[in-house]
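S.K.: Input: one structure, supplied below.
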Amino acid sequence: MVEDNKDYRRDDLYSNRVRAGKRTYFFDVKTTRSNDYYLTITESKKRYTDDGHYYEKHKIFLYKEDFNKFVEALNEAVTHVKDELMPDFDFTQFDRDPEENRNFEESGSELKWD
């Protein structure tokens, strides 16, 4: 018996894109064949070659049983950097609109977005 292909698709139920300079992060909620849910986190970077460009991608699959542990570890790591390693750094400068960041970068400022 041949089953309909739509039963095998990993439909995106939710997507969120975060542009961060030369990188873009994608957060996508998908469903499995058994109607379970998981999250993919993809980092995409545009790379240039003599023939043009391509996108280098790195992907993490995060399953529901790991959500809490992952978020907790991520929050702890970010808090450690902000509070212990760089307590005097103003992270709010990165809260600007991506277009503002591009204009800021083009203005010749020392701050560079990777």
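S.K.: Taking interchain pairs and intrachain pairs at least six residues apart, which have beta carbon atoms under 7 angstrom, with the first residue in segment 79-94 and of a type in the set (Lys, Arg) and the second surrounded by 10 or more Cβ atoms within 10 Å (Cβ to Cβ)?
M.R.: As it stands, the answer is 82/91, since those pairs meet every condition given.
S.K.: How about segment 47-75: which of its residues are of a type in the set (S, T, N, Q), in a helix (DSSP H, G or I) and closer than 22 Å to residue 23 by Cα?
M.R.: 75, the sole residue that qualifies.
S.K.: Counting just the residues of segment 19-47 that are without any contact (Cβ under 8 Å) to a residue 24 or more places away in the chain and among the acidic types (Asp, Glu), which one comes out surrounded by the most Cβ atoms within 10 Å (Cβ to Cβ)?
M.R.: 28
S.K.: Could you please give the count of residues in segment 48-64 that are surrounded by 10 or more Cβ atoms within 10 Å (Cβ to Cβ) and more than 15 Å from the chain's Cα centre (by Cα)?
M.R.: 3
S.K.: Further question: From the residues in segment 76-114 that are in a helix (DSSP H, G or I) and of a type in the set (Phe, Trp, Tyr), which one is modelled with the highest pLDDT?
M.R.: 91
The values are calculated or read from the model by the stated rules, or taken from the named source; none is laboratory data. Small disclaimer: the values here were computed from a predicted structure and weren't measured. Glycine also receives a Cβ, built like all others from the backbone with ideal geometry; neighbour counts cover every protein chain displayed.
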